[in-house]
Amino acid sequence: MNLIFRLIRVVILSLLRPRLYPLDPSSLQFRAWPLDLDINVHMTNSRYFALMDLGRTELIVRNGIAKQVFKHKWQPVVSGTTMRFKRAIKPFQKFSLETRALYWDDKGFYLEQRFVAKGKTLALGVVKAVFVGPQGIIPPEEVCRRVGADQTSPIMPDWLSGWPDMESAIEARLAI
């Protein structure tokens, strides 16, 4: 985590904000600072992913999963992500990062993370996240149960239906 001061701010504010339930979205406000920029003088692509880490951190603190992470020695891990950049984030521009769970299956949680300014989407990322404990990957149903959310997953959105095929193809390439 190369954004230590932003991380500290996010954690403190997350502890003070109202609790979220698993399907509630979260929103963080940011500004693009000079150290966020690349040689093209817009936010560098790696910074989007670092800020997305903060969005997921805020989500798990506010929905109670962070307590379970510490209690059971789990680690939140990103196992896959895809990103689409639409509009550049300029120096000193204010924007928000909206994070929400789309659905989950027996392998992980699928999250949407959207960068927005003035009502327009600037970039959109989809993340598959898992929790890993001493015995391996924790089933999403167990994570939900431990935070008192005994609900079933929403159905995978139609627009995301190609994700499992893409994941399988990439997984096969890793074996080469």
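The values are calculated or read from the model by the stated rules, or taken from the named source; none is laboratory data. Everything numeric here is computed off the predicted structure, so don't read it as measured data. Here the Cβ positions follow ideal geometry from the backbone for every residue, glycine too, while neighbour counts run over all protein chains shown.
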*Limited to region 1-24, what total is found for residues that are within 23 Å of K118 (Cβ to Cβ) and surrounded by 15 or more Cβ atoms within 10 Å (Cβ to Cβ)?*
2
*asked:* Looking only at region 16-34, filter to residues that are among the hydrophobic types (A, V, I, L, M, F, W, C) and modelled with pLDDT of 95 or more; which one of those is nearest to the chain's Cα centre (by Cα)?
replied: L28
_Answer residue from region 125-170, given it is of a type in the set (D, E, K, R) and touching a strand residue (DSSP E or B) at 6+ places or on another chain (Cβ under 7 Å) and is surrounded by the fewest Cβ atoms within 10 Å (Cβ to Cβ) among those_ = E167
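Being farther than 18 Å from T57 by Cα and of a type in the set (D, E, K, R) is the filter here; which residues of region 125-150 pass it?
As a first pass, look at region 125-150 and keep what is farther than 18 Å from T57 by Cα: 134-137, 139, 141-142, 145, 148-150.
Correct list: E141, E142, R145, D150.
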_Suppose we keep only residues that are modelled with pLDDT of 95 or more and not hydrophobic (A, V, I, L, M, F, W, C) within region 47-70. Which one would you say is nearest to F115 (Cα to Cα)?_
Y48
*asked:* Please list, ordered by residue number, the strands (runs of 3 or more DSSP E) wholly in region 73-176 having 1 or more residues that are within 30 Å of I39 (Cβ to Cβ) and β-branched (V, I, T).
replied: 75-85, 94-104, 109-117, 120-133
*Candidates W159, W104, filtered to the one that is over 30 Å from R6 (Cα atoms), among the aromatic types (F, W, Y) and out of contact with any His (no Cβ under 9 Å at 6 or more places or on another chain)*: W159
